[in-house]
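Take a look at the structure below.
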Amino acid sequence: MLKGVDPRLNAEVLYALRAMGHGDTLVIADTNFPSESVARQTVIGDLLRMDNLTAAEAVEAVLSVLPLDTFVDDFAGRMEMVDAPKEIPAVQGEVQKAIDAAEGRPRPMIAIERFAFYDKAREAFAVIQTGERRFYGCFIFRKGVIPPEA
């Protein structure tokens, strides 16, 4: 255990988050996402796991240390539901609340069509698979910066 670090963050996840640079992307995926095959194509090349957490719990832990990009609209994206792209399932609503809490203001995610999501995920820095069993619990986050102290 470390002081000030969410205990849900394991060593492998912390390493990846620290290694990411401004603009790099991170996938947080549910249990149905093809995480292993997609993760092999990422910068890290290995699948990271946060197995016993819901997507929202994992996002909350990750956003406790990861700044989101403030310069772009695609700072966070959600996988669109097939045949219902505007529908927001409960799992995505929970993750949106975690984002808003971390940002201190409402900041909506963009929607990404399912196959476009897979393509973007393959270009990510890393993939974290959660224990989320609800469908469409898949998200992409773009790392921002931590400004210098005033």
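Where a number appears in this text, it was derived from the coordinates with a stated rule and is not lab data. From a predicted model like this one, the values you see are computed outputs, not experimental measurements. So basically every Cβ, Gly included, is an ideal-geometry build from the backbone, and we count neighbours across all protein chains shown.
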Among the aspartates and glutamates, which have Cα under 12 Å from the Cα of residue 120 when same-chain residues fewer than 8 positions away are ignored?
24, 74
Cross-link candidates for residue 97: which lysines have Cα within less than 20 Å, leaving aside residues fewer than 8 places away along the same chain?
86, 143
Cα-based Rg and Dmax for region 55-104, in Å, come out at 11.6, 35
Calculated from DSSP H runs of 4 or more alone, at -39500 (n - 2.57) each and per residue, what is the 222 nm mean residue ellipticity of the chain, nearest 500?
-8500 deg cm²/dmol
Describe numerically, in nm with one decimal, the distance between label points set 7 Å from Cα along Cα→Cβ at residue 73 and at residue 123.
1.6 nm
Over the chain, what relative contact order in percent results from Cα pairs under 8 Å that are six or more residues apart?
45 percent
Which whole-Hz ³J(HN,Hα) couplings does region 120-134 yield from phi under the Karplus relation 6.51 cos²θ - 1.76 cosθ + 1.60, θ = phi - 60°, glycine and proline marked x?
5, 4, 5, 8, 6, 6, 7, 10, 10, 9, 9, x, 5, 9, 6
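Looking at region 25-150, send over the antiparallel percent of its DSSP beta bridges, to the nearest 5.
Numbers: 9 of 19 bridges.
Just about 45 percent of them are antiparallel.
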Between residue 52 and residue 14, what is the label-to-label distance in nm when each label sits 7 Å out along the Cα-to-Cβ direction?
1.8 nm
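Which of 80, 103 has the fewest other C-beta atoms within 10 Å, and how do the rest follow up to the most?
Details: 80 20, 103 15.
Starting with the residue having the fewest Cβ neighbours, the order is 103, 80.
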If you average the C-alpha positions of region 92-107 and of region 25-80 separately, how far apart do those two centres end up, in angstrom?
15 Å
